[in-house]
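The values are calculated or read from the model by the stated rules, or taken from the named source; none is laboratory data. Predicted, not measured: the structure shown is a model, and the values here were computed from it. Don't worry about glycine lacking a Cβ; one is built from the backbone with ideal geometry, like all the others, and counts go over all protein chains shown. Note: areas computed on protein heavy atoms with side chains; ligands, DNA, RNA excluded. Shrake-Rupley method; radii C 1.70, N 1.55, O 1.52, S 1.80 Å.
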Amino acid sequence: MAERILIVEDEASVAEGVAYTLGQEGFEVAIAADGKAALEKFESWRPDLVILDLMLPRVSGWDLFAAFRKTREVPVIMLTARAEEPDRVAGLEMGADDYVTKPFSMRELVARVRAVLRRSAADDAEEIEGTMTKGGVVLDAEKHEATVSGRPVELSPKEFDLLAYLMRHAGRVRPRQEILAAVWGESEYVDERTVDVHVRWLRKKIEADPGNPQRIVTVRGVGYKFVDGE
Ligand code: CA
């Protein structure tokens, strides 16, 4: 089945050009010219990837991005007219999967789209099998065992799942709500504070200094990020 790409862009010429090219490449495409249409399409059509222009009328691309992220984890490539480094950094910090500066070539955009979709498919496929090693932490899925810098640590099943989830998405911020949905499921009687509490417990077990975490860092107002550095 063709992957669905939602293009959020008010400039018709750009949106249509992108839609035409991606259509030629075999993708299913839809265009939303404003925030309201974008949110509706995001909910009802369930795209596999969103190309989001940051410069939109009435609603900021950032707000829209946050709204997408609250709903569902779908890769987002941001478009902007300016090559402003702070924007780029903020975008990636917030969890955008890639960033393209206008003017861009269609070839470049298609390459980015394919790369992001590949990466996101790989993330999904990485559901615990065998072992995963990141940032000095080794998780053994079969035995449900963890070692940190070679030292075994005891984790509860939820702590294990939470750590596995954050490690799978290493380097990218995961909003609390998404963590909750992924690790606890939507239906259970828990809220975002549950995530905070479990992160605190995890830090005591896997951080050298839990008060100054280097592996699971807080991204204020958003969520948590596993840092894959040694
Ligand atoms: Ca625009």
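Using the structure shown, decide if G221 is at pLDDT 85 or above, among the small types (G, A, S) and either at positive phi or within 18 Å of the chain's Cα centre (by Cα) (or both).
Values: at pLDDT 85 or above: no; among the small types (G, A, S): yes; either at positive phi or within 18 Å of the chain's Cα centre (by Cα) (or both): yes.
Judged against the criteria, G221 is not a match.
Has segment 59-77 got at least one residue that is within 15 Å of M106 (Cα to Cα) and under 20 Å from the mean Cα position of the chain (by Cα)? Yes, segment 59-77 contains at least one residue that is within 15 Å of M106 (Cα to Cα) and under 20 Å from the mean Cα position of the chain (by Cα). In the set (1) within 15 Å of the chain's Cα centre (by Cα); (2) on the phi < 0 side of the Ramachandran plot; (3) open to solvent by 20 Å² or more (accessible area, probe 1.4 Å), G171 fails one condition alone, (2). On inspection, P103 qualifies as within 16 Å of the ligand (Cβ to nearest atom) and modelled with pLDDT of 85 or more.
Could you tell me whether any residue of segment 5-26 is among the small types (G, A, S), touching a helix residue (DSSP H, G or I) at 6+ places or on another chain (Cβ under 9 Å) and modelled with pLDDT of 95 or more?
Within segment 5-26, one or more residues are among the small types (G, A, S), touching a helix residue (DSSP H, G or I) at 6+ places or on another chain (Cβ under 9 Å) and modelled with pLDDT of 95 or more.
Pairs are defined by a Cβ separation below 6 Å, a sequence spacing of at least 6 or placement on different chains, a first member in segment 91-108 that is more than 24 Å from V219 (Cβ to Cβ), and a second member that is modelled with pLDDT of 85 or more; the pairs so defined are M106/T21. Report yes if some residue within segment 149-165 is open to solvent by less than 60 Å² (accessible area, probe 1.4 Å), touching a Gly at 6+ places or on another chain (Cβ under 8 Å) and either modelled with pLDDT of 90 or more or not hydroxyl-bearing (S, T, Y) (or both); otherwise report no. No, segment 149-165 has no match at all.
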